[in-house]
Amino acid sequence: MLKSRIIPCLDVNEGRVVKGVKFQNLRDAGDPVELSFHYQDQGADELVLLDVTATRQERIAMLETIERVRQRLSIPLTVGGGIGSIEDAGRLLNAGADKVSINSAAVRNPDLIAAMSARFGAQCTVVAIDAKKQGEIFQVLTRSGTTAEAIDAVAWAARAESLGAGEILLTSFDRDGTRSGYDLPMLSAVTDACSLPVIASGGADSVAHMVEAFQHGAHAVLAASIFHDANMTVGEVKQQLTAAGIQVRNEW
């Protein structure tokens, strides 16, 4: 059985880590390089770095920032933001990313998932799904949550798997930054619909929330606010998860 992963998330805007609520009202949270090493020292299993304005500004995620982070980082790094082609994905991997996360481009051109998987491997191909509850479905959002698509997130996750994705990064727009817990119904629906590892994102405020996410099928949990605000360290989270019966990597 795969052990559960704890993944701090660095949302980056103009070279700085930021955090908001429902993708809005961003506040400064620090330097991405310093925070990357800080979380690695705390025992993070992986890091996710997302350039949150790259798609809307029609540019690729900042390669210089990725290169600076990679210089001393030894844990896996997933990078997303502004990827529009397989060449863009290659540039991120060459800059030091281990995995590339695609969202808006995958919705516009689902064949990009298959192309990335064939060229770089499924293990490098992460499909990020941002979604909100809309009537009876969880509606896919693109362009940093500003565009609602006529796509059901559950069906989209299953299709991404069929196209060759290796992992799903599932973020609840409704819960993002609210610290009210992960969207468990959405998480359960997606993990039931596909067999890929799913990273739960959006809403974490406590270890209890993370336990719930793992109990509802998550293979990893993403968190930002509780780490950026120094409410808990990654090591403390792992200790409490272990005490709650969740098997984590590199117990602290």
Only residues that are among the polar types (S, T, N, Q) and in a loop (DSSP other than H, G, I, E, B): list them for the range 170-223, please.
-> T178, S180, S195, S206
Among the residues of the range 89-104 satisfying the criterion of being crowded, with 21+ Cβ neighbours inside 10 Å and more than 20 Å from V17 (Cβ to Cβ), which is farthest from the chain's Cα centre (by Cα)?
-> A89
Could you grab me the full set of residues in the range 108-131 that are within 17 Å of R91 (Cβ to Cβ) and either outside any helix (DSSP H, G or I) or without any contact (Cβ under 8 Å) to a residue 24 or more places away in the chain (or both)?
-> G121, T125, V126
Of all residues in the range 218-231, count the ones that are under 19 Å from the mean Cα position of the chain (by Cα) and either surrounded by fewer than 18 Cβ atoms within 10 Å (Cβ to Cβ) or among the hydrophobic types (A, V, I, L, M, F, W, C) (or both).
-> 9
Find the residue count for the range 225-246, including only residues that are touching a strand residue (DSSP E or B) at 6+ places or on another chain (Cβ under 6 Å) and outside any helix (DSSP H, G or I).
-> 1
Output for the range 132-169, where each listed residue is assigned to a loop (DSSP other than H, G, I, E, B), buried (at least 18 other Cβ atoms within 10 Å of the Cβ) and of a type in the set (S, T, N, Q) | S144
Looking at the range 185-200, which of its residues are buried (at least 19 other Cβ atoms within 10 Å of the Cβ) and under 16 Å from the mean Cα position of the chain (by Cα)?
-> M186, L187, V190, T191, L196, V198, I199, A200
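Where a number appears in this text, it was derived from the coordinates with a stated rule and is not lab data. Remember, predicted model here, so these are calculated numbers, not experimental data. No Cβ is skipped: glycine too gets one built from the backbone with ideal geometry, and neighbour counts run over all protein chains shown.
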